[in-house]
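Everything on this sheet refers to the single structure shown next.
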Amino acid sequence: MIDITTIKFGVLADTFHAPKKGEIEFLADCLILIDESGDIAAKLTAQDTGYAESLNTLRENQRLTVVEKGQFLLPGMVDLHCHAPQWPQAGKGLDLPLYDWLQNYTFPLENRFGDLAFAEPVYRDVAQTLLANGTTSAVYFASIHREASELLAKTSLSLGQRAFVGKINMDNPEQCPDYYREPSVEDAIADTELFIQNVRGLKGNCHGLVKPVITPRFVPSCTKTLLGELGKLVQAYDVHMQTHCSESDWARDYAIQHFGKSDIETYAESGLLNNKSVLAHSIFLTERDVAMMKEFDAGIGHCPLSNMYFANAAMHTRELLDSGVNIGLGSDIAGAPSPSIFRAAFDAVSHSRVREEGVDTRLPAGARGVSGSRVSFLEAFWMATAGGGRVLNEKIGLFENGYHFDALVIKPSALGNLRVWPDMDTPRDILEKIVSLAQSCDIDSVWVQGKKVR
Ligand code: GUN
Ligand code: FE
């Protein structure tokens, strides 16, 4: 029995979530009970015992939020890969290959974040924009600057967004410009250790809403010594880790040429992989790489739109989903311009469909693509929510007892393009339309850890 006195509030809504990869659960008039700490205490539907009593008590005590018919409750979106300081760069320079884009656009911009007065409005805006797009959990790369990275953590916390924030580490003089590089491995490690402690100790961060992430930029920008020292911090602090992995031909070849190993092998050998590592992109994985990821229970942040610009190849999303490796979605701002994980989910489907059908019209239909490699809208929705939560090893992305109440309401707006026809659309149709068409104007209330943040 539920002790209703321990419940902070309830939400009554037509609810979607995806407990199983490739399936959705639609729960009409679902009552979700949220406890004082913002976690889900119970999820009830009309046939469950205690449903009517709980509903009546909460209604009498004015602790019930009713989501109107025609609107839908969804778990909040999880963005596994976003470069917060690149937000002003979104939509610029995407005609360049990765190396030139980094050197000409990204590094000069990121370097400006040493100035907190420059950083503050950008960080506020990117976190607000992600929240407006329904992203309740964001995994951020900041810049190499410790204080500005702490400012990003503080900003997310003050806006109520769940955030995983990394101070970037990069020290290879052959790849990093003199003006944007760690002064030494010792300095980088001391700063990163202080960063972990300061983020964990942020005032008001008692629930761990904001967490530090060890963040070597990628293999080319780090010396082996730095990777190994960062690996020691991962082990000592049992902390999240994020990096780029085998993102393009050039990035993949760099590791092979310099270390005689793949990115995954290099990270594993450096002690960087754990059960909450986010390996962004992961395009050119060998079977051995995938096996190693599974062994460490590490996960992939799939960034389909960015892949179309920088990857030089299509993601093996179908095979990776089937392999059982942990996988979720990332925006990769500004390697792709969209701050929406709904958009990333739609792009994951489109990306897989181009791969399935192929592109060369001179070839016969059966020889053009990789047959059977499509990803469904429901799988994409799973990656955007529960899949992302699993990569992070956090209780997010699902409406289950003990999970954090991170949620959003879809309210189709006349200003946008999402239309639901109650007589014609099944729950599955509605979910597919949401993935395809939802924009920020269609996102009404947003909660993180049981707190309304929009
Ligand atoms: N590889 C190394 N740094 C970056 C970055 O900032 N964005 C992307 N997309 N790839 C990278
Ligand atoms: Fe990236």
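The values are calculated or read from the model by the stated rules, or taken from the named source; none is laboratory data. Predicted, not measured: the structure shown is a model, and the values here were computed from it. Please note: Cβ atoms are built from the backbone with ideal geometry, for glycine as well, and neighbour counts cover all protein chains shown. Accessible surface areas use protein heavy atoms only, side chains included; no ligands, DNA or RNA. Shrake-Rupley method; radii C 1.70, N 1.55, O 1.52, S 1.80 Å.
Please go through the stretch 198-228 and pick out each residue that is of a type in the set (A, V, I, L, M) and over 30 Å from TYR99 (Cα atoms).
Residues satisfying the conditions are VAL199, LEU202, LEU209, VAL210.
Name the residues in the stretch 223-239 that are among the small types (Gly, Ala, Ser) and open to solvent by 10 Å² or more (accessible area, probe 1.4 Å), would you?
GLY228, ALA236
Give me the residue from the stretch 349-397 that is touching a helix residue (DSSP H, G or I) at 6+ places or on another chain (Cβ under 6 Å) and polar (S, T, N, Q) and, out of that set, surrounded by the most Cβ atoms within 10 Å (Cβ to Cβ).
SER352
Search the stretch 50-102 for residues being assigned to a loop (DSSP other than H, G, I, E, B) and among the basic types (Lys, Arg), and hand back the single one that is nearest to ALA28 (Cα to Cα).
This residue is LYS69.
Could you identify the single residue in VAL325, VAL290, VAL278 that is in contact (Cβ under 8 Å) with a residue 12 or more places away in the chain, touching a Leu at 6+ places or on another chain (Cβ under 6 Å) and not aromatic (Phe, Trp, Tyr)?
VAL278
Just name the residue that is nearest to the chain's Cα centre (by Cα) out of those in the stretch 110-163 that are surrounded by fewer than 19 Cβ atoms within 10 Å (Cβ to Cβ) and of a type in the set (A, V, I, L, M, F, W, C).
ALA132
Only residues that are under 21 Å from the mean Cα position of the chain (by Cα) and crowded, with 18+ Cβ neighbours inside 10 Å: list them for the stretch 22-37, please.
Hit for the stretch 22-37 is ILE24, nothing else.
For the stretch 259-267, check the following and say yes or no: at least one residue is within 15 Å of ligand 2 (Cβ to nearest atom), acidic (Asp, Glu), touching a residue at least 40 places away in the same chain (Cβ under 8 Å) and not in a helix (DSSP H, G or I).
No: zero hits.
Which condition number in (1) part of a helix (DSSP H, G or I); (2) of a type outside the set (Val, Ile, Thr); (3) loosely packed, with under 13 Cβ neighbours inside 10 Å is the one that GLN47 fails?
For GLN47, the exception is condition (1).
Going through ILE300, ILE283 one at a time, which residue ends up being within 15 Å of ligand 1 (Cβ to nearest atom) and within 18 Å of PRO97 (Cβ to Cβ)?
None of the others qualify; the one that does is ILE283.
Please work out which residue is nearest to MET292 (Cα to Cα), limiting yourself to the stretch 319-337 and to residues that are open to solvent by 20 Å² or more (accessible area, probe 1.4 Å) and in a loop (DSSP other than H, G, I, E, B).
So the residue we want is GLY324.
Can you tell me which residue is surrounded by the fewest Cβ atoms within 10 Å (Cβ to Cβ) among those in the stretch 405-454 that are in a strand (DSSP E or B) and charged (D, E, K, R)?
LYS452
From the list TYR105, TYR140, TYR99, which residue is under 29 Å from GLU400 (Cα atoms) and aromatic (Phe, Trp, Tyr)?
Every option except TYR140 fails the conditions.
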